[in-house]
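Notes follow the structure.
The values are calculated or read from the model by the stated rules, or taken from the named source; none is laboratory data. None of the values given here were measured: they were computed from a predicted structure. Note: ideal-geometry Cβ built from the backbone for every residue, glycine included; neighbour counts use all protein chains shown.
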C-alpha cells in the first residue's frame with residue numbers, strides 16, 4: 001500500500017515540474033528556518049521546536065509539549081525581529097502549535113512502575129488497626145490491604 005502511494009507521489013512530482021519546484025522550495029525554506037532556529041534559540045528549547053510550514057508570511061513552529069510552548073512564547077518577539085531582519089518580507093509573524101506526537105526527536109521510554117509493597121512492620125500495624133475496627137467494610141479493606149504484602153522469594 002505504501003509503495004503504491006509513493007509511486008503516485010513520484011509520478012506526480014515527475015510529471016508536474018511546478019509542483020516539484022514548489023515542494024523543493026518549501027523543503028529548502030524549512031531547512032533554512034531550522035538552521036536559523038538552531039542558531040537563535042536556547043539549546044534546551046531548540047531540541048523541542050521545529051518549523052512546520054510557512055504560509056502567508058506566517059512561520060508555524062511545532063513544539064512537543066505545552067511547557068515548551070510557554071517558554072517559547074517569551075522568546076517569540078525577539079525571534080520575529082531577527083527573522084524580519086534576516087529574511088525581509090518573508091516572515092512577519094510566528095505561530096506555535098503543540099504536537100504531542102512530534103516524531104522529530106527521540107523521547108526516553110517510560111520506566112515501568114513497580115508495584116508498591118508493604119514492609120512487615122506496616123503490615124502488622126494495618127492488621128492490628130483492622131482488628132480494632134467496628135466498621136466491617138473498613139476492617140475488610142484494611143485486611144485486604146495488609147494481604148497485598150509481597151514476601152521476598154527465598155532460594
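Please determine whether any residue of the stretch 51-61 is buried (at least 18 other Cβ atoms within 10 Å of the Cβ), without any contact (Cβ under 8 Å) to a residue 24 or more places away in the chain and within 15 Å of residue 94 (Cα to Cα). Looking for residues that are buried (at least 18 other Cβ atoms within 10 Å of the Cβ), without any contact (Cβ under 8 Å) to a residue 24 or more places away in the chain and within 15 Å of residue 94 (Cα to Cα), one finds at least one in the stretch 51-61, hence yes. From the list 142, 79, 83, the one residue that fits, being outside any loop (DSSP other than H, G, I, E, B), modelled with pLDDT of 75 or more and out of contact with any strand residue (DSSP E or B) (no Cβ under 8 Å at 6 or more places or on another chain), is 142. Is it true that residue 88 is modelled with pLDDT of 85 or more and loosely packed, with under 10 Cβ neighbours inside 10 Å? Against the criterion (modelled with pLDDT of 85 or more and loosely packed, with under 10 Cβ neighbours inside 10 Å), residue 88 qualifies.
Does residue 72 satisfy the criteria of being surrounded by 13 or more Cβ atoms within 10 Å (Cβ to Cβ) and assigned to a helix (DSSP H, G or I)? So residue 72 passes the test. Of the residues making up the stretch 11-47, those that are surrounded by 12 or more Cβ atoms within 10 Å (Cβ to Cβ), part of a loop (DSSP other than H, G, I, E, B) and touching a helix residue (DSSP H, G or I) at 6+ places or on another chain (Cβ under 8 Å) number 1.
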